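Read through the structure below, which is laid out as structure tokens, and then see the notes.
The values are calculated or read from the model by the stated rules, or taken from the named source; none is laboratory data. Computed from a predicted model, the values in this text were never measured in an experiment. All Cβ positions, even for glycine, are placed from backbone atoms using ideal geometry, and neighbour counts span all protein chains on display. We work out accessible area using only protein heavy atoms, side chains counted, and drop any ligands, DNA or RNA first. Shrake-Rupley method; radii C 1.70, N 1.55, O 1.52, S 1.80 Å.
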Amino acid sequence: MGKFAILKLAELCQNSSSHCIARIDTFATKPRIHSFYIAIMSTEALSATEKPVQHVNGITVRLVGDSGDGMQLLGQQLTNTSALLGNDVATFPDFPAEIRAPRGTRAGVSGFQVQFASHEVHTPGDTLDALVAMNPAALVTNLADLVKGGLLIVNEDSFEDKDLKLAKLATSPLEDPSMENYRLIKVPMTRLTKDAVAELGLSAKESDRCKNFFAMGLVYWLYGRNMDATLRFIHGKFGSGKSVIADANEKALRAGWAYGETIEAIGNSYNVAPAKLSPGKYRNIMGNQALAWGLLAAAQRSGKELFYASYPITPASDILHELARYKNFGACTFQAEDEIAAICSAIGAAYGGQMGVTTSSGPGIALKMEAMGLAVMLELPLLIIDVQRGGPSTGLPTKTEQADLLQVMFGRNGEAPLPVLAARSPGDCFEIVQEAWMLATRLMLPVVVLSDGYIANGAEPWPIPDVNQLPPIKIEHPVADTHSSAPFKPYARNELLARPWAIPGTPGLMHRVGGIEKEDGTGNISYDPENHQKMVHIRAQKVANAAKLLPPQQVHGPQSGELLVLSWGGTYGACLTAVEQAQKAGRSVAHAHIRYLNPFPSNLGEILSRYEKVLIPELNMGQLRMLIRSRYLVDAVGFNKIKGKPFTVTELVEKIFELSTSPTRESAVRSGK
């Protein structure tokens with residue numbers, strides 16, 4: 001990579017605004033966290049609490065309210081602050097599909113779940129240690145996930161008769177006897193927030209909008225979170241122009257913290273020590289953000305300009321938003337009039353010799369299918385990113401699902417195979433698109449990358465890579481052979497069956513492209529039946545050759561045994577955690593997570609043969625299981641969930657226990673009892 005490209009990547013990774021960065025050194029007995037925050041103004045340090053502090057290994061908290069209550073903002077700030085303190089973090093944002101859902105209703109509840117811990121975590125948590133609910137609808141739709149004895153904080157000002165009616169409740173849930181199962185803290189957040197900002201002369205509506213920062217301040221006190229980073233965020237976001245809004249949010253934040261310190265109902269706060277992560281420099285990153293940055297890195301590594309064409313669709317739109325911020329990195333973003341225009345323009349960029357990328361979700365991918373077949377016939381490098389959501393049709397736009405696998409595998413007319421890769425976590429999105437671009441350019445074909453809503457909106461600490469260690473993606477374009485009078489052959493093949501990527505306008509390399517079948521070698525239009533069969537086999541073999549460029553499948557746990565859990569996509573964290581818990585319980589179980597879905601890793605069949613049973617958990621009706629059973633003739637067992645929510649570790653552990661033999665029973669069988 002050139003020095004300029006390296007400097008630009010380093011600038012992106014380390015100086016992106018409004019995100020925390022922590023450096024972990026190894027020369028101390030315990031990892032030392034050096035943190036800083038990109039901000040405009042400095043603020044005073046937060047005073048330490050005078051109440052007792054209980055030290056815990058991890059906390060899972062969910063913040064819920066109306067979609068206009070700022071729960072996503074609250075959750076993002078809690079996530080960034082926890083990452084800044086050195087905790088490992090996993091998140092799960094959950095919000096309604098409507099831009100402005102009906103206020104106070106169950107359908108309009110927006111939530112953000114965060115697990116922060118002093119150890120490595122892979123999921124946002126199954127159950128909640130604390131629930132912060134801003135209204136009755138938020139409370140009743142989330143209470144079931146709060147553990148018995150868990151902390152329940154509610155805004156009691158929002159439990160009036162009109163609020164209960166909107167939530168379809170006859171009586172207040174706060175008066176229900178079941179509340180005795182929880183540590184209920186009723187806080188008049190609306191009134192206290194108005195009191196805190198009274199001197200600023202805000203309207204009642206403006207004052208009410210600050211109550212999420214009051215809740216944030218209370219949560220920060222409860223879990224020992226420092227307010228400095230959030231105060232700088234407030235003044236960076238709201239400080240220009242009408243700075244009174246920034247002052248109001250700061251006063252509300254500090255009032256919430258002070259309330260926690262003074263109220264007698266909460267006797268102590270909690271502290272979560274920094275996690276012992278691998279040495280390096282970390283920042284918090286979301287899946288869609290990582291996809292965007294990975295595309296920028298791939299473009300820099302290959303010396304290509306990034307042309308990104310997309311039509312807005314949930315949950316993929318944030319990739320377009322993120323890339324639009326980095327035009328100085330050579331990224332060209334195009335918001336097309338529809339999905340077909342988006343992919344066709346990306347194909348045009350690829351034909352012109354640049355990095356063509358298009359993204360969508362399930363409904364948009366369906367519209368792109370004919371053009372994807374065109375890209376297969378043209379044999380041009382192209383990336384198609386599918387951020388999956390609940391379907392079919394409009395389906396569940398803001399909920400996660402893994403139901404597009406068969407669509408991207410077989411959704412085109414004719415024999416039109418494509419490589420398919422799938423990210424496993426938010427941070428992995430950065431790597432997966434670079435691998436996809438490598439495959440696309442080495443094999444001269446379109447490549448599909450699968451993500452999903454859970455990965456796209458989730459966040460985790462991400463070790464910033466050393467850009468000096470990112471190897472170049474070598475791309476060679478042919479030039480005319482001045483020593484030969486033979487015509488240029490645009491469909492000549494190398495050892496991987498890839499054709500040359502000839503740039504239009506290059507002297508001596510004039511050639512035609514199009515959707516009609518091509519003659520092998522010359523690229524001329526051909527209706528010859530033998531040639532058609534030959535070209536179909538060549539295109540299929542080219543996809544199969546991708547396995548030669550990809551690493552073998554890895555297995556976590558025993559290399560043979562009773563049960564193998566085979567997962568893909570966003571189920572990685574839950575499956576890994578569940579398998580590790582089962583292993584600690586003495587079960588003979590291993591885990592293999594597939595990132596390469598077409599072609600499968602070259603050693604996958606051999607791995608499957610070493611286990612008595614194979615369990616495939618999926619957020620669909622069993623699409624990977626269908627492919628595995630047909631390809632390897634393995635009687636895999638499916639575990640399927642289609643609720644718009646990710647797997648919990650608990651339900652996976654129960655399924656693993658159901659399919660595996662307990663240590664006690666296994667010992668009894670061996671002894672003949």
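Which Cα, out of 622, 565, 551, lies furthest along the positive dipole direction of the chain (beta carbon charges, K/R +1, D/E -1)?
Towards the positive end, the residue furthest out is 551.
Using alpha carbon centroids, what distance separates the stretch 422-487 and the stretch 585-653, in Å?
That distance is 26 Å.
Quick one, can you get me the convex hull of the C-alpha atoms of the chain expressed as volume per residue in Å³?
Values: hull volume 129.0 nm³, N = 673.
Measuring per residue, one finds 192 Å³ for the Cα hull of the chain.
Add +1 for every Lys or Arg and -1 for every Asp or Glu among the other residues with Cβ under 13 Å from the Cβ of residue 543, and state the total. Write out the running numbers ahead of the final one.
Details: positive: 412, 442, 539, 542, 548; negative: 379, 415.
Neighbourhood net charge equals +3.
Can you bin the stretch 152-261 into rounded, prolate or oblate? Criterion: square roots of the alpha carbon gyration tensor eigenvalues sorted a ≥ b ≥ c, rounded for a/c under 1.5, prolate for a/b above b/c, oblate for the rest. Let's see the in-between values first.
On the way: a/c = 2.79, a/b = 1.59, b/c = 1.76.
Oblate shape, in that a/c is at least 1.5 and b/c is the bigger or equal ratio.
Just to confirm the number: angle between the C-alpha axis of helix 243-262 and the first principal axis of the chain, 0 to 90 degrees, nearest 10?
60 degrees
Mind ordering 619-625, 458-464 by average Cβ neighbours within 10 Å, highest first?
On the way: 619-625: 20.7, 458-464: 23.4.
With the highest mean Cβ count within 10 Å placed first, the list reads 458-464, 619-625.
Apply 1/(1 + (r/R0)^6) to the Cβ-Cβ distance of residue 278 and residue 481, taking R0 = 56 Å, and write down the FRET efficiency to the nearest 0.05.
So the FRET efficiency works out to roughly 0.65.
Can you tell me the order of 592-602, 141-151, 123-133 when each peptide is scored by its average per-residue count of other Cβ atoms within 10 angstrom, highest first? Each step should come with its number before you reach the end.
Details: 592-602: 20.3, 141-151: 15.9, 123-133: 23.5.
So the order, starting with the most tightly packed, is 123-133, 592-602, 141-151.
Pop out the Kirkwood hydrodynamic radius of the stretch 47-272 from its pairwise C-alpha distances, inverse of mean 1/r, in Å to one decimal.
Working: mean 1/r = 0.0568 Å⁻¹.
Hydrodynamic radius (Kirkwood, Cα pairs) of the stretch 47-272 is 17.6 Å.
Mind giving me the nanometre distance, one decimal, between the label points for residue 537 and residue 370, set 7 Å out from Cα along Cα→Cβ?
3.1 nm
Give the accessible surface of the chain per residue, rounded to a whole number of Å², with probe radius 1.4 Å and ligands, DNA and RNA excluded.
Working: 28130 Å² over 673 residues.
Ligands and nucleic acids excluded, the figure is 42 Å² per residue.
What lysines could a cross-link reach from residue 205, if we take a straight Cα to Cα line under 26 Å and drop same-chain neighbours fewer than 8 places away?
Within the straight-line cut-off, residue 205 pairs with 162, 165, 168, 186, 194, 237, 242, 251.
What list of whole percents do you get for P(r) of the stretch 283-469, with Cα-Cα distances grouped in 5 Å bins up to the one holding the largest distance?
1, 9, 19, 23, 23, 15, 7, 2, 0
Where nothing but the Cβ of Lys and Arg (+1) and of Asp and Glu (-1) is charged, how large is the charge dipole of the chain around its Cα centre, in debye to the nearest 20? Can you show the working numbers first?
On the way: 65 positive and 66 negative charges, 175 e Å.
Rounded to the nearest 20 debye, it is 840 debye.
In the chain, what percentage of the DSSP-assigned beta bridges are antiparallel, given to the nearest 5?
Numbers: 37 of 93 bridges.
If we restrict to bridges inside the chain, about 40 percent are antiparallel.
Relative contact order of the stretch 47-272, please, whole-number percent, based on alpha carbon pairs below 8 angstrom and at least 6 residues apart. Write down the numbers at each step before the final one.
Numbers: 430 pairs, mean separation 52.2, N = 226.
Relative contact order here is 23 percent.
Which lysines does residue 327 reach when only Cα atoms under 20 Å apart count, and residues fewer than 8 places away in its own chain are ignored?
3, 8, 304
Just to confirm my numbers, what's the Cα centroid distance between the stretch 328-378 and the stretch 290-304 in Å?
After rounding, the separation between the Cα centres reads 16 Å.
In percent, what relative contact order does the stretch 283-469 have, based on Cα pairs under 8 Å that are 6 or more apart in sequence? List each step's numbers first, then the result.
Working: 406 pairs, mean separation 53.9, N = 187.
Relative contact order for the stretch 283-469 comes out at 29 percent.
Student exercise: in the stretch 561-670, how many lysine pairs 8 or more apart or on different chains have Cα atoms under 24 Å apart? Please list the in-between numbers first.
On the way: 584/613; 584/655; 613/641; 613/655; 641/655; 643/655; 645/655.
Taking the stretch 561-670 as the scope, the lysine pair count is 7.
With the cut-off at 1.5 for a/c, could you classify the stretch 561-670 from its C-alpha gyration tensor as rounded, prolate or oblate?
Working: a/c = 1.91, a/b = 1.26, b/c = 1.52.
Because a/c hits 1.5 or more and a/b fails to exceed b/c, the stretch 561-670 counts as oblate.
Report the relative contact order of the chain, percent, no decimals, based on alpha-carbon pairs under 8 angstrom and at least 6 residues apart. If you can, show how the numbers build up before the last one.
On the way: 1433 pairs, mean separation 78.5, N = 673.
In percent, rounded to a whole number, it is 12.
Residue 527 to residue 49: extension gain in nm, 0.36 nm per residue of separation minus the Cα-Cα distance? Kindly include the intermediate steps, with their values, before the conclusion.
Details: separation 478, 0.36 × 478 = 172.08 nm, distance 7.99 nm.
Residue separation times 0.36 nm, minus the Cα-Cα distance, leaves 164.1 nm.
With a 1.4 Å probe and all protein chains left in place, how much of the accessible area of the chain comes from carbon and sulfur atoms, in whole percent?
On the way: 14730 of 28130 Å².
Percent of accessible area from carbon and sulfur atoms in the chain: 52.
Tally Lys/Arg at +1 and Asp/Glu at -1 over every other residue whose Cβ is under 14 Å from the Cβ of residue 449; what's the total?
Result for the neighbourhood of residue 449: -3.
Sum up the charges of everything whose Cβ sits under 14 Å from the Cβ of residue 341, counting Lys and Arg as +1 and Asp and Glu as -1, but leave residue 341 out.
Values: positive: 368; negative: 337, 338, 339, 370.
In short, -3.
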